[in-house]
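Worksheet: the structure to be examined is printed underneath.
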Amino acid sequence: GVGLFSFVALVILTTVTLSHLNVEELWERYYPQRPATRRDEKLRVCLGCHFTGYPDQRGRCPRCHIPLRLRRRHSLQKCWAALLASIVLLLPANLLPISIIYLNGGRQEDTILSGIMSLASSNIAVAGIVFIASILVPFTKVIVMFTLLLSIHFKCQQGLRTRILLLRM
């Protein structure tokens, strides 16, 4: 009754508010900060309000008072863990059957690759899209992430532009 109506009204109002709210504009209106104009080793990016500037005396963001750090804590360990988990889960996702059909008393199992092969016999364009989305993109992302993490681990200095492009891929 009333609880459901209140919940629906809250969801609608929250959606409307978030779609019309510009957080950057609010920060600039109520707490303006001049952005840094030159490169400096002391510049930090706040993960809370996305302000790029200098920390205050306590090492916090002058806008939202979140502690400013040079990097996110344990970011490399989290990336390696995510990469390992993706490798572990990517193999069964592509090798185990995604559908089991009993047809005329016989059992027919289809993996992603066998489904793509059967799609290719009838519609090559759809098979290509499915192949790209379900096999090529995930494996490419794993290879790119592995390459980027290795280059960070071994502190490679050459190819920085290429690595930035790979990161944004």
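Structure data summary
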| quantity | calculated |
| --- | --- |
| Criterion: among the polar types (S, T, N, Q) and either in contact with a Phe, Trp or Tyr (Cβ under 9 Å, 6 or more places away or on another chain) or over 30 Å from Val144 (Cβ atoms) (or both) - qualifying residue of Ser75, Ser19, Ser86 | Ser19 |
| Top-ranked residue in the range 93-139 [being polar (S, T, N, Q) and surrounded by fewer than 14 Cβ atoms within 10 Å (Cβ to Cβ); ranked as farthest from Leu83 (Cα to Cα)] | Asn104 |
| Test for Arg29: is it farther than 21 Å from Pro67 by Cα, at pLDDT 85 or above and of a type in the set (D, E, K, R) | yes |
| Helices (runs of 4 or more DSSP H) contained entirely in the range 1-108, each with at least 2 residues that are more than 25 Å from the chain's Cα centre (by Cα) and either over 30 Å from Val137 (Cα atoms) or β-branched (Val, Ile, Thr) (or both) | 2-20, 23-30 |
| Residue in the range 19-33 that is among the aromatic types (Phe, Trp, Tyr), surrounded by 12 or more Cβ atoms within 10 Å (Cβ to Cβ) and in contact (Cβ under 8 Å) with a residue 24 or more places away in the chain present | yes |
| Qualifying residue in the range 94-111 (condition: touching a residue at least 40 places away in the same chain (Cβ under 8 Å), assigned by TED's automatic domain parsing to the domain that holds Leu150 and closer than 30 Å to Leu149 by Cβ) | yes |
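The values are calculated or read from the model by the stated rules, or taken from the named source; none is laboratory data. This one's a predicted model, so the numbers in the text were calculated from it and none came from an experiment. Cβ: placed from backbone, ideal geometry, glycine included. Neighbour counts: every protein chain shown.
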